[in-house]
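Trainee: Can you read through this structure? Questions will come right after.
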Amino acid sequence: MGEWQSTLEDLVMLDFYKGKKVFITGHTGFKGTWLTKMLVNLGAEVTGYSLNPNTVPDLFSISKVKEKITSVIGDIRDLSSLKKAIDNAQPEIVFHLAAQPIVRESYIDPLYTYETNVMGTVNVLECIRTTNFIKSFLNVTTDKVYENKEWEWGYRENDPLDGFDPYSNSKSCSELVTHSYKKSFFADSKVAISTARAGNVIGGGDFANDRIIPDCVRAAFKHETIIVRNPHSTRPYQHVLEPLYAYLLIAMKQYENPDIADFYNVGPDDIDCITTGTLVDLFCSKWGENQEWANISLDGPHEANFLKLDCSKIKNIFNWNPRWSVELAIEKTVEWSKAYQKGENIPELMDKQIIEFMK
């Protein structure tokens, strides 16, 4: 990526990841594909371990990043298969993204959700515990790990963990598993372990069900009214590149200084913690074509109404700050979606957006 020029931190990152062996679980998912693309562009030697993509279409295939990595199709619940993949890859850095990530799906199949999100984390940590080449591990969880009290202020890393629904709770458990392994097995070792609790991400190529922006894009493609079931809920929306950059930063910095390995919130500034209705208003405005939405209440399971993160810790320790406003995040998502609709070169557009973000 010759055009990649930006801050000193970005240039350090470009140098750091070049030639590094990196292992990603969940690399075929939405966030996993964008992270894989960033790491490939940074010059890393990437091995991914994941199930086949579970949407049609899927970003992993569209991005064509598979041609530039070692891609292993496997279940995170299968310890022997996972350990074989990690042993073969011999990575120094591991990003754990594999998960069942949908709240409403977790009500339908809680057993699979817990098996994947809890025991999957145990399996990754077991592989790390029984190897001697991994130096930096980041477990990616969610802002929904906190006991939600519908506060108007952001949750901090020392607030109680207790997700309500099976997805959120399983991610709380994943955090606790990581804390336990860190204290029990890695306190005196050279493996730096952190977790990152990110907010709601948006961006081009998310085809999942039960996510507001993918629902918006599908409706816009069909020239249909967007159905919004809870327009008054407040969430910390951010472009997918925001937390991914933070993950890369945490993994790099703790590799160099294990003492800063910890538990970090990653979210937008308060100004970009907006209601779902405001988010959809922005989408319709950026999409144009007289796109509209309607508030139609649908029966469904419990979901939090108000959720924000306090990201002071990562800002202070890593000098990290969000780069794109939620309005720009929507603009980039619309750009990607319309390019896809027109059959344009998506891998090139992804590279272009990554460069723009890093600049």
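The values are calculated or read from the model by the stated rules, or taken from the named source; none is laboratory data. Remember, predicted model here, so these are calculated numbers, not experimental data. Here Cβ is always computed from backbone atoms with ideal geometry, including for glycine, and neighbour counts include all displayed protein chains. Quick note on the areas: whole protein, heavy atoms, side chains included, nothing else; ligands and nucleic acids left out. Shrake-Rupley method; radii C 1.70, N 1.55, O 1.52, S 1.80 Å.
Residue by residue, here is whether (1) surrounded by 16 or more Cβ atoms within 10 Å (Cβ to Cβ); (2) of a type in the set (D, E); (3) not in a helix (DSSP H, G or I) holds:
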{"site": "P53", "(1), (2), (3)": "yes, no, yes"}
{"site": "V56", "(1), (2), (3)": "no, no, yes"}
{"site": "E67", "(1), (2), (3)": "no, yes, no"}
{"site": "S71", "(1), (2), (3)": "yes, no, yes"}
{"site": "I76", "(1), (2), (3)": "yes, no, yes"}
{"site": "S80", "(1), (2), (3)": "no, no, no"}
{"site": "D87", "(1), (2), (3)": "no, yes, no"}
{"site": "Q100", "(1), (2), (3)": "yes, no, yes"}
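Trainee: Taking the range 103-133 as the region of interest, how many residues are surrounded by fewer than 18 Cβ atoms within 10 Å (Cβ to Cβ) and either in contact with a His (Cβ under 8 Å, 6 or more places away or on another chain) or in a loop (DSSP other than H, G, I, E, B) (or both)?
Mentor: The total comes to 5.
Trainee: Spot the failing condition for G19; the list is (1) at positive phi; (2) touching a residue at least 60 places away in the same chain (Cβ under 8 Å), and only one is missed.
Mentor: Result: G19 passes all but (2).
Trainee: Kindly state which strands (runs of 3 or more DSSP E) lie completely within the range 169-235 and contain at least 3 residues that are modelled with pLDDT of 95 or more.
Mentor: Those strands (runs of 3 or more DSSP E) span 192-198.
Trainee: Given A208, A219, which one is of a type in the set (A, V, I, L, M, F, W, C), closer than 21 Å to Q341 by Cα and more than 16 Å from the chain's Cα centre (by Cα)?
Mentor: After applying the criteria, what remains is A219.
Trainee: If only one of K31, K68 is more than 17 Å from the chain's Cα centre (by Cα) and either at negative phi or among the polar types (S, T, N, Q) (or both), which one is it?
Mentor: Result of the check over K31, K68: K68.
Trainee: Give me the residue from the range 150-168 that is small (G, A, S) and either without any contact (Cβ under 8 Å) to a residue 24 or more places away in the chain or not in a helix (DSSP H, G or I) (or both) and, out of that set, surrounded by the most Cβ atoms within 10 Å (Cβ to Cβ).
Mentor: Per the stated criteria, the residue is G163.
Trainee: Restricting attention to the range 220-243, does a residue exist that is farther than 25 Å from K308 by Cβ, open to solvent by 10 Å² or more (accessible area, probe 1.4 Å) and touching a Ser or Thr at 6+ places or on another chain (Cβ under 9 Å)?
Mentor: yes
Trainee: Within the range 142-149, is there a residue that is in contact with a Lys or Arg (Cβ under 9 Å, 6 or more places away or on another chain), at pLDDT below 95 and either assigned to a helix (DSSP H, G or I) or over 28 Å from L328 (Cβ atoms) (or both)?
Mentor: yes
Trainee: When the range 268-297 is examined, which residues are found to be assigned to a loop (DSSP other than H, G, I, E, B), in contact with a Phe, Trp or Tyr (Cβ under 9 Å, 6 or more places away or on another chain) and either among the aromatic types (F, W, Y) or at pLDDT 95 or above (or both)?
Mentor: Q291
Trainee: Which of the residues that make up the range 33-51 are farther than 15 Å from I354 by Cβ and either open to solvent by 10 Å² or more (accessible area, probe 1.4 Å) or part of a helix (DSSP H, G or I) (or both)?
Mentor: Those that are farther than 15 Å from I354 by Cβ and either open to solvent by 10 Å² or more (accessible area, probe 1.4 Å) or part of a helix (DSSP H, G or I) (or both): E45, T47, S50, L51.
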